[in-house]
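Here is the structure we will look at.
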Amino acid sequence: MEAVGVAPAPAGVPEKKLLDLKESLKAAPAPAPSMAAKWAMKKKLVGGDAGYVLEDVPHLTDYLPELPTYPNPLQDNPAYSVVKQYFVNTDDTVTQKIVVHKTSARGTHFRRAGPRQRVFFQSDEVNAAIVTCGGLCPGLNTVIRELVCGLYDMYGVTSVVGIEGGYKGFYSRNTVPLTPKSVNDIHKRGGTVLGTSRGGHDTGKIVYIIGGDGTQKGASVIYEEVRRRGLKCSVVGVPKTIDNDIAVIDKSFGFDTAVEEAQRAINAAHVEAESAENGIGVVKLMGRNSGFIAMYATLASRDVDCCLIPESPFYLEGKGGLLEFIEKRLKDNGHMVIVVAEGAGQDLIAKSMNFVDTQDASGNKLLLDVGLWLSQKIKDHFKKKRNFPITLKYIDPTYMIRAVRSNASDNVYCTLLAHSALHGAMAGYTGFTVAPVNGRHAYIPFYRITEKQNKVVITDRMWARVLCSTNQPCFLSHEDVEHLKHDDDEHHLHNTQLLEGESSPVKDSSKCNGTAAPV
């Protein structure tokens, strides 16, 4: 995740210097809030007619009600003088669901992102800090560049620092001044110029200059601590995960680049496979818990014969198993390509190896190499087949696809994310992530981002399109399919409930009567 913190500079602190950590901790600690109070702080709901619900984000005035406001510097920026209506209306919102029934409520909305006419920070009083944490992702440097240039060029903020090496950099004083000149060309590189790491989250030490980690949970905890101490400081997150598994938002930045880069590996596997007798190309792609990269890369490629993702269980042996399907496809076509997400089949590997779960510094479960395991299982199977030689090539571009520079689409996307984050921070909003929802950028409360992971719904039409493209079986029993449909119906019903006391919406008729919707 990329995060930016905006805070006023105390008197006597030179520009482009970090605040003294001791000064930042002088605020007398307030009593620890109860769980009920924490929950109340997290949810800020505004109701309206016909079931309209705004899940608003926190604002500095929620706990600092007497803060003065200032005219937005953008009103005097010549670059925006030709824009008909640049400032966002205060009551503009973005709806979470755009497909509704005529009897449905208006549903959940989020506050629309964009510049406001009044801001809560003066340009010369602001210290801004930027940090990158967790794994790499295409577009990180673009976001850094646009945050710095936006602060300078749009809001006149000249005290901007980068925190080097992730969270640990806050209290080890690893910082670097950032200017438009110093970040001018960084969008042309992969990785992050600030460096990154996992772990190192010490809330008490980093409360005044803000960052966030890959799951946004770190930034959420920091926001709560900032609020508890009554500090005038905005905490803003830009969601970053190559797996595209963040709930609510349309997609995370870097995903398009990752899918595009994955095509190179799939194409290489296809060339290798079709050039050999009974050739098999196995490609492992990123996707710990969600198979979006594997799914979209498969659908885009059209050269894939089988796609395996964490959400869809599979088995190897016996009738209808993966090995039987591989054998049949080789007899029919003479070659095949298998794409497997890194989190697929982990239960099968763990059972075969008696593996005990371990975690990395961020608390992520360490995965076993499903690509190597699957390749060996395929080789062992065909060793038992007389007169059926195979040639198998295993390609693992896992870290290659996230280390490249972002493509044109992601570059534009990262620019919009960075600018939306700056507008929100300067307008006094805090404790939020910025991202598009149904094509419109919105400010989303941290708790909506951290409450669950987005996953491929294998009873949905997109996964059906993949199965049509590959002509692979789903590897599920009838009982498995019915169980998944039931879970999906329950999930659909839960997400479309109205305000307490209102009637439930009508369910999708195609799911009620069991008929399939058109692809």
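The values are calculated or read from the model by the stated rules, or taken from the named source; none is laboratory data. In this text, all values refer to a predicted model and were calculated from it rather than measured experimentally. Counting neighbours? That spans all protein chains shown, and the Cβs are built from the backbone with ideal geometry, glycine included. Side chains are part of the model used for accessible areas, which takes the heavy atoms of the whole protein and leaves out ligands, DNA and RNA. Shrake-Rupley method; radii C 1.70, N 1.55, O 1.52, S 1.80 Å.
At a glance:
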read-out	value
Sole residue being closer than 24 Å to residue 306 by Cβ, surrounded by fewer than 15 Cβ atoms within 10 Å (Cβ to Cβ) and basic (Lys, Arg), chosen from 365, 385, 452, 393	385
Which listed residue, of 283, 226, 248, is among the aliphatic types (A, V, I, L, M), crowded, with 24+ Cβ neighbours inside 10 Å and modelled with pLDDT under 95	226
Residue check for residue 157: open to solvent by 30 Å² or more (accessible area, probe 1.4 Å), of a type in the set (A, V, I, L, M, F, W, C) and either over 20 Å from residue 433 (Cα atoms) or not in a strand (DSSP E or B) (or both)	no
Strands (runs of 3 or more DSSP E) contained entirely in segment 1-114, each with at least 2 residues that are open to solvent by less than 60 Å² (accessible area, probe 1.4 Å), modelled with pLDDT of 50 or more and not hydrophobic (A, V, I, L, M, F, W, C)	2-8, 93-95, 108-112
Scope segment 448-463; condition over 15 Å from residue 241 (Cα atoms), of a type outside the set (Phe, Trp, Tyr) and not in a loop (DSSP other than H, G, I, E, B); matching residues	448, 461, 462
Any pair with Cβ under 7 angstrom, 6 or more apart, that starts in segment 404-418 at a residue that is of a type in the set (Val, Ile, Thr) and open to solvent by 10 Å² or more (accessible area, probe 1.4 Å) and ends at one that is modelled with pLDDT under 95 and not in a helix (DSSP H, G or I)	404/138; 404/190
